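A quick write-up on the structure given underneath.
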């Protein structure tokens, strides 16, 4: 335990772990035989301590988290012990387990949009948790439940909690929804919170707010936290101690300072080496503004405006406001900013999926202002698109080979064996075996699906590739492989690319030129390492200061700078 909380603990309570996991084993029964997801995992969490469990997908970290809450499915068999407040979660009765959840331990799920029910107010949902996990014999009335829900929302920094307790989930932003989920977990003041990837889908600025909130919960209320994440910057920013898992085993455990400074195991060393670090391996190093001066202009935006019409008499919403930029042949242009800044709207407009309402947008010489699908169709084969979530963009009823073949069938005269051959070549170009063509999307891992999505985007050898957050949900090691692959293929084929991301370190690795969007306006653009290394605009400075780096000492300094920037606003 590294910091004291405001809660007064007896010496005995301060020494007793809030969580004690001993020799935990979890096995899943499948048609192909037993799958060992967790093998002999042991660790403890002290009062007021934040312990991060890290590792790649399939390492067993989420299964371990679910075992702590007793949320494993019926196909799972578990042994060992998970001790919380003197009770073994694995052996207690369902009734006792229900008492432990909420009172002693609560969970913050990865995706708040799916964790919250869209048809009920957030106050009702928090109150439902209070009623479900109330102490034996104690009834929680409607007024008391509402009061506790308001208090929980206030605790996590939701403005006007008395009013917003009656809001529905869709009336909150992504970061606020995550705060609501944390409020629901806090409602019964549990001693332990298990947070499963609580910041994965969030912008760096919102992520910084959530991390600050979790830190406050530990410092002010003595809450212990088990943090499940693959973001090593988040670990460096928040964790006191780190447990590294690989294929169901704990391979290393150390304080955050020791782990980042001197990792002992080869796997931990590789995991840390794969983390993108701002200013390291920058694509724009040695780049000059004249590099693409004589190249063909693939995309040219001048005073671009995109509006969405208002409903029921409300005014139109301007998502993109007088934005100007160019992308030349062979150039990677990085577009960064928070959610709602207009990044994806611009990407979709370039692909002909959103209509422009003002200014000019030329794609391959075609003016998109008066876009008509019939006339744009001959240009469409020269524009590839890699979506953020390949699991959602692939048709689950088609094999990977059929998904990749779709653009070839629609836009070329190839058929039969020629299409099959081309699909094999495309899959192999993104380092997937040709045999994967017969597999379905659900049979591939996240990184493999993203590679297949890249293969589909490149199927027609496009002059321009639009990549919308293609690595945001990937593990650091998988992300590093996908980014390296993207660089290799882009260098080899020479296509222009618009790379949209909220991760500035990823953009720094790929993009020669970077544009920063804020509320629909391009507030800054220039050579990548100049924008990242010496930003001129206050918003860019705040955005960069929000980005956690995988170094606890450096991150503590950056956090102080970020808080000073926020205070000076």
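Candidates 396, 407: the one that is at pLDDT below 90, outside any strand (DSSP E or B), at negative phi and surrounded by 16 or more Cβ atoms within 10 Å (Cβ to Cβ) is 407.
Condition check ((1) touching a strand residue (DSSP E or B) at 6+ places or on another chain (Cβ under 6 Å); (2) in a loop (DSSP other than H, G, I, E, B); (3) farther than 28 Å from residue 528 by Cα; (4) free of Cβ contacts under 8 Å to residues at least 24 places away in the same chain) across all residues:
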residue: 278; (1), (2), (3), (4): no, yes, no, no
residue: 286; (1), (2), (3), (4): no, yes, no, yes
residue: 313; (1), (2), (3), (4): no, yes, yes, yes
residue: 320; (1), (2), (3), (4): yes, no, no, no
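Which is surrounded by fewer than 21 Cβ atoms within 10 Å (Cβ to Cβ) and in contact (Cβ under 8 Å) with a residue 40 or more places away in the chain, of 264, 270? Going through 264, 270 in turn, just one is surrounded by fewer than 21 Cβ atoms within 10 Å (Cβ to Cβ) and in contact (Cβ under 8 Å) with a residue 40 or more places away in the chain: 270. Scanning region 194-237 for residues that are under 23 Å from residue 500 (Cβ atoms) and assigned to a helix (DSSP H, G or I) gives 204, 205, 206, 207, 208, 209, 210, 232, 233, 234.
Only helices (runs of 4 or more DSSP H) whose full extent lies in region 92-174 are considered here, and the ones with at least 1 residues that are surrounded by 14 or more Cβ atoms within 10 Å (Cβ to Cβ) and at pLDDT 85 or above are 94-103, 122-132, 142-155, 161-164.
For region 210-230, filtered to residues that are within 19 Å of the chain's Cα centre (by Cα) and crowded, with 21+ Cβ neighbours inside 10 Å, the residue that is modelled with the lowest pLDDT is 230. The combined condition, being without any contact (Cβ under 8 Å) to a residue 24 or more places away in the chain, touching a helix residue (DSSP H, G or I) at 6+ places or on another chain (Cβ under 9 Å) and either crowded, with 18+ Cβ neighbours inside 10 Å or over 30 Å from residue 36 (Cα atoms) (or both), is not fulfilled by residue 257.
Looking at residue 282, is it in contact (Cβ under 8 Å) with a residue 24 or more places away in the chain, over 24 Å from the mean Cα position of the chain (by Cα) and either on the phi > 0 side of the Ramachandran plot or not in a helix (DSSP H, G or I) (or both)? No.
State yes or no: is residue 330 touching a residue at least 60 places away in the same chain (Cβ under 8 Å) and either in a strand (DSSP E or B) or more than 19 Å from residue 203 (Cβ to Cβ) (or both)? Taking the combined requirement at face value, the residue satisfies it.
Residue-level check: of (1) touching a residue at least 24 places away in the same chain (Cβ under 8 Å); (2) farther than 16 Å from residue 185 by Cβ; (3) in contact with a strand residue (DSSP E or B) (Cβ under 7 Å, 6 or more places away or on another chain), residue 231 misses just (3). Among the candidates 452, 497, the residue that is on the phi < 0 side of the Ramachandran plot, touching a helix residue (DSSP H, G or I) at 6+ places or on another chain (Cβ under 7 Å) and not assigned by TED's automatic domain parsing to the domain that holds residue 339 is uniquely 452.
Among the strands (runs of 3 or more DSSP E) confined to region 467-568, the ones with at least 3 residues that are at pLDDT 85 or above and buried (at least 23 other Cβ atoms within 10 Å of the Cβ) are located at 496-500, 513-518.
The values are calculated or read from the model by the stated rules, or taken from the named source; none is laboratory data. A quick note: this is a predicted structure, and the numbers were derived from the prediction, not measured. Because the Cβ atoms are built from the backbone with ideal geometry, glycine has one as well, and the counts that use them run over all protein chains shown.
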